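One structure below.
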Amino acid sequence: MPSTTDLEQFLITGLSLGGVYALSGVGMVVLYRATGVLYLAFGAVGAMGALISWQLSHQDGWNIWLSFVAAILFGGLITLVYGMIFGPALAGRDPLVKATATLGLLLILLGVMDLLWPSSGGASRALTIPTDNNTFQVGQISVTYTNVIALALGLLITIVTAAFLRFTKLGTAMRAMANDREITAALGVPVRRVEAAAWFGCGVLSGAAGVLLADLVALDSTSLTFLVIFTLAAALIARLRSIVVTFFAALVIGVIDAEITPINKISNYRDMTPFVLAVIALLVLNRRRVITVGRQGV
Amino acid sequence: MEPRSLVRPAVAVALVAFAFLFIPSIFSLYYVNAWTQVAIWSIVTLGLGVLVGRVGMVSLGQGAVLAMGAWVAARILFATGLPYPVVLLASGLITMVLGTLVGLPALRMSGLYLALITLMLAGAITIVLQNIQFPNGGHGFTGYNGATVHIPPIRRPSIATTDPAFFRYSVIVAVLMFVLVLVHLRGRPGRAWAAIRQSEAAALAGGINTTLYKLWAFALASFITGVAGGLVAGFYHYLNSLTFATSDSITLLAVVLMGGAYSMTGAVVAAFLLKFLQQLLNDWGVSPDWLTILFGIGVLQVLTTAPRGIVEQMPKDIARLARLVRGLFSRPASPQEHES
C-alpha cells in the first residue's frame with residue numbers, strides 16, 4: 001500500500017489538476033448554457049495555445065509571461081472567430097450537431113499542430129511556468145505555487161462566474177438565453193453580443209487551461225486535446241447545468257485520478273477515471289427521464 | 001418492381017463485381033492494399049452511418065470498438081485453429097456484447113450524452129489496450145508475452161494469404177455486411193429507426209420500443225465493426241496500440257459525415273476518403289496531417305451547407321456547374337432556377 005506521504009503528495013497533484021478541469025468545465029458549461037454549443041475543441045485550442053506559448057518563449061525569445069498572455073489571447077480569439085462564424089450558422093440546429101461541428105475545429109487544430117510542431121522524431125518539448133520553482137512545505141509535502149495557482153484559479157473562476165451570472169446584466173442575459181433564445185432576443189437583448197462574450201470567455205479559459213495543463217501534465221498536442229475528456233466528465237456529472245457541481249466533480253475526478261497513481265495494480269488504468277465516474281453518474285442520474293417534445297430538448 | 005428502382009442496385013453490383021475481379025490486376029500491390037483497407041473500413045463507416053444517419057445517434061467511439069474487435073479476433077486466431085469465418089463471427093458477436101454493454105447507460109439518454117460517453121469510452125479503451133497490449137502469440141488471457149523479436153504474424157484465411165486474395169476476401173465480407181444492414185433497413189428495425197430519428201417522442205407514442213431499437217442499432221453497428229476488426233487483424237498481421245489512436249474515432253465520424261451518413265454509397269465514399277486518400281498522400285510523400293485538416297474543414301462544411309454529404313451534394317454541384325457553364329455560352333442567360 002502507498003504511504004500517507006504519497007497519498008498527500010498526490011492529493012496536491014490531484015487538487016491542482018482538478019482546479020484546471022474545474023475552470024475548463026465552468027467555461028464549457030457557461031458556453032453550453034448560453035449558446036447550446038458543447039465546445040469539444042476546448043482541449044485542442046488550449047493545446048495550440050500552449051504550443052504557441054512554447055514557440056514564442058523557447059524559440060523566439062519572448063518573455064515567458066508575455067507568451068502565456070499570447071496563448072490565452074489565442075484561445076479567446078480563435079474561439080470567438082469560430083463562434084461568430086459557425087454559431088449563427090448552426091443556431092437553430094440540434095445540440096448534437098453543434099457539438100459535432102466543434103469536432104471539425106478540433107481536427108483542423110490537431111492537423112495544424114502536428115504540421116507545425118511534429119510530435120514524432122522531434123525533441124520533446126516542455127512548458128514550465130516559473131512558479132514551479134517556488135515551493136513551500138506543508139508537513140512533509142512540498143507544494144509549488146503552480147499547484148496553488150491552478151486550484152485557486154479554478155475556485156476563483158467558479159465563484160466569479162457564479163457571481164457574474166447572478167448579479168451582472170450580461171450574466172442575466174446569458175441565463176435568459178439558456179432558457180429561451182428567441183424570447184430573449186424578442187425582449188431586446190443583443191443576442192449576438194452576449195454570445196460573443198460567452199465564446200470569448202470560454203476561449204480565454206481554454207487558453208489558460210492549456211498553459212496550466214502543459215505544465216502540470218505534458219506539452220503534447222494529442223494528450224492535451226483529449227484531456228478535454230476529464231472536463232467533459234465533470235460537466236456531464238453536473239448535467240451541463242450547474243457550475244458549482246462542475247467544480248466539485250472536477251476536483252473529485254482530479255483527486256481520484258491522482259490518488260490511484262501510487263497503487264501499482266491499477267495505476268496504469270487511472271485515466272479511465274472520468275469514464276467510470278461519468279458512467280456511474282449517468283446510471284444514478286438517469287432515474288427520471290423526460291423525452292421533451294418541445295424545442296428545448298436537452 | 002419499377003425498372004428505375006433496379007438501376008441503382010444493378011450499378012452497385014456491377015461496380016463491386018468490377019472491383020472484385022479487376023482491382024488486383026489493375027493496381028500495384030501497394031494500391032491493392034489500399035483498396036483492401038477501403039473495403040474493410042467501409043464496414044466500419046457503414047456501422048457508424050447506420051447510427052448517425054438512420055437512428056440519429058452520434059458515436060465518437062467506433063474507432064475504439066474496431067480496436068476491440070481486432071483484439072478479440074487476434075486473440076482467438078492465436079489461441080485456436082478455427083476457420084476464419086468462424087473467428088470473424090465470434091469477434092463480431094463478442095464485440096457486439098462488449099460495445100452494447102458500454103453504450104447501455106447512455107442509450108437511455110439524449111444524443112449528446114451518448115456522444116460524450118462514447119468519446120470517453122474511446123479514451124478508456126485506448127488506455128486499456130495500451131496496458132494489456134495486443135496479442136502476439138503469448139499465453140494467458142491477454143496473449144501477450146512481451147517479446148520484441150520472433151513475433152508470429154496473425155494468420156489470414158487459408159484461401160486468402162496473399163494480398164490480392166485477401167482483398168477479394170475482404171470485399172466478400174464487406175458485401176455480406178452491407179446485405180445484413182440492408183436487410184435491417186428494409187425490415188421492421190429500419191422503419192423503427194426512421195421513426196426514432198424523426199421524433200423519439202412520436203416513435204414512443206406510436207408504440208415503438210425506442211430503447212430496444214436504439215440498442216439494436218448499437219448492437220448491429222458493434223457487430224459489423226467487430227467483424228471488420230477481425231479483417232483488420234489479418235490484414236496487418238501485427239497489431240499494437242499505435243495502430244489505433246483515440247483521434248481515429250473522431251476522424252471516422254468526420255468522413256462518415258462527409259461521405260454521407262444517409263446512404264450506403266456514402267459509407268464507401270467515407271472509407272475511400274479515409275483510407276485511399278491516406279495511402280495516396282503517403283505515396284506522394286505528403287504529410288497525413290493535411291488530411292486531418294481537410295476532414296476538419298469537411299465536417300464544418302457538411303454540417304453548415306450540405307448535411308447529406310458528398311454522395312448527394314456532388315450531383316447537385318455538378319448540375320449547378322453545368323448550368324453555369326451553359327449560361328456562359330448561351331446569352332441571354334436563362335431564368336435562374338432556385339436551388340436550395
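Overview of results
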item	result
Of the DSSP H helices in chain B, those whose Cα atoms cover at least 18 Å axially and whose Kyte score averages 1.6 or more	B:3-26, B:84-107, B:111-132, B:163-186
Calculated Rg and Dmax of the stretch B:60-219 using C-alpha coordinates, Å	18.7, 61
Dipole of chain A, positive direction: furthest Cα of A:118, A:194, A:207, with charges on the beta-carbon	A:194
About the Cα centre, charge dipole magnitude for chain A (Lys/Arg +1, Asp/Glu -1 at Cβ), debye	1320
Formal net charge of residues neighbouring residue B:217 (Cβ-Cβ distance under 11 Å; K, R +1; D, E -1)	+3
Unit charges at the beta carbon, dipole of the protein assembly as shown: most positive-side option, B:244, B:159, A:74	B:159
For B:295, A:42, order by how many other beta-carbon atoms lie within 10 Å, fewest first	B:295, A:42
Ranking of B:237, B:150, A:58 by count of other Cβ atoms within 10 Å, fewest first	B:150, B:237, A:58
Residue-span extension gain [residue B:199 to residue B:284] - 0.36 nm each, minus C-alpha spacing	25.9 nm
Ascending count of other beta-carbon atoms within 10 Å, so fewest first, for A:248, A:275, A:136	A:136, A:248, A:275
Rg and Dmax [Cα atoms of the protein assembly as shown; Å; Rg one decimal, Dmax integer]	25.4, 88
Proximal lysines relative to residue B:316, as straight alpha-carbon distance under 27 Å, when same-chain residues fewer than 8 apart are discounted	A:98, B:275
Radius 13 Å from Cβ of residue A:141, net charge of other residues (Lys, Arg +1; Asp, Glu -1)	-2
Estimated dipole of the stretch B:3-308 in Debye, rounded to 20 [Cβ of Lys and Arg +1, of Asp and Glu -1, Cα centre]	840
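Rule-based calculations on the coordinates, nothing more; no lab input. Note that this is a predicted model, so its numbers are computed, not measured. No Cβ is skipped: glycine too gets one built from the backbone with ideal geometry, and neighbour counts run over all protein chains shown.
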